[in-house]
Amino acid sequence: MKKYLKTDEWNIIEDEFHADDLRMSESIFSLGNGRFGQRGNFEEPYSSDSYQGITFLDKTRVGWWKNGFPHYFTRIPNAANWSSIHLRLIDEELDLAQWDVNSFNRRLDMYNGISYRDVKVTSPRGNCLHLHAEHLVNMAYPD
């Protein structure tokens with residue numbers, strides 16, 4: 001497995017856009033609070049290979065007939081994607097699979113439980129955009 005992420009004491013850092021490793025990055029940059037979790041996917045539409053989803057802890061007990069499985073497991077429900085946004089610049093919708101990525105930085109701060117993403121992109125028509133996004137889940141109010 002190639003190493004494309006950097007780490008320090010409390011952070012996982014992706015400082016370049018790696019489209020081929022996006023599914024892995026979505027898993028690594030996921031956030032959860034013990035009640036639900038959200039993959040580290042982009043808020044804006046991404047027309048290439050990506051998994052979208054929100055997970056929750058399923059309290060269905062796994063019995064003796066499933067030896068080797070965890071006592072509880074996680075499911076992806078058929079639920080609304082509350083982090084989805086659509087960004088338009090003039091008459092072009094942002095899609096990192098179609099736009100040129102000039103700079104990309106994503107950081108998961110595991111001490112504070114916040115994921116940050118900064119992207120500078122150029123559209124097919126030459127328009128430039130800088131996007132800053134932050135994700136967090138609430139541990140104090142898990143519902």
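Here, each number is a calculation from the coordinates, and none is a lab measurement. Fair warning: this is a prediction, and the values are worked out from it, not measured in the lab. Ideal geometry is used to build each Cβ from the backbone, glycine not excepted, and the neighbour counts take in all protein chains shown.
Would you mind counting up the charge near Ser123? Only other residues with Cβ under 15 Å from its Cβ, with Lys and Arg at +1 and Asp and Glu at -1.
On the way: positive: Arg88, Lys120, Arg125; negative: Glu44, Asp91, Glu92, Glu93, Asp95, Asp100.
Every neighbour counted, the sum reads -3.
Alpha carbon centre of the stretch 1-36 versus the stretch 112-143: separation in Å? Using only Cα atoms to place each centre, the spacing works out to 14 Å.
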